[in-house]
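Heads up, the thing below is written out as structure tokens.
The values are calculated or read from the model by the stated rules, or taken from the named source; none is laboratory data. These numbers were taken from a predicted model, which means no experiment stands behind them. Every residue, glycine among them, receives a Cβ derived from its backbone with ideal geometry; neighbour counts consider all protein chains shown. Surface accessibility is based on the protein's heavy atoms, side chains included, excluding ligands, DNA and RNA. Shrake-Rupley method; radii C 1.70, N 1.55, O 1.52, S 1.80 Å.
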Amino acid sequence: MYIKNLIKNIKNKIESGRSLADALRDHPKYFELEIIEWIAAGENSGALDQILLKIISWQESKKKRKEKITESSMGHPINKI
């Protein structure tokens, strides 16, 4: 599924009355269950904006850890190749 179609599908589900978390649950290939559960908690608590910021921070940290692991396993930074 192309990202444009994915976003359109999620948007349509939300406009039809489903929550963001429920709309994302239909796409487990693209959205981790843990993130969907965080979003559901944010929707239920009224703190979705704060949860989304935490998800962004968590994803950035996760990406940096993966980069460090890759660099250390190769013995030198990837961008030096």
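Taking only the range 30-68 into account, find how many residues are in a loop (DSSP other than H, G, I, E, B) and in contact (Cβ under 8 Å) with a residue 24 or more places away in the chain.
Total satisfying the criteria: 1.
Can you find a residue that is charged (D, E, K, R), assigned to a loop (DSSP other than H, G, I, E, B) and open to solvent by less than 90 Å² (accessible area, probe 1.4 Å) anywhere in the range 2-13? No - not one qualifying residue is present in the range 2-13. Selection of the range 35-57 for residues being open to solvent by less than 50 Å² (accessible area, probe 1.4 Å), within 13 Å of the chain's Cα centre (by Cα) and more than 15 Å from residue 18 (Cα to Cα) yields 35, 51, 55.
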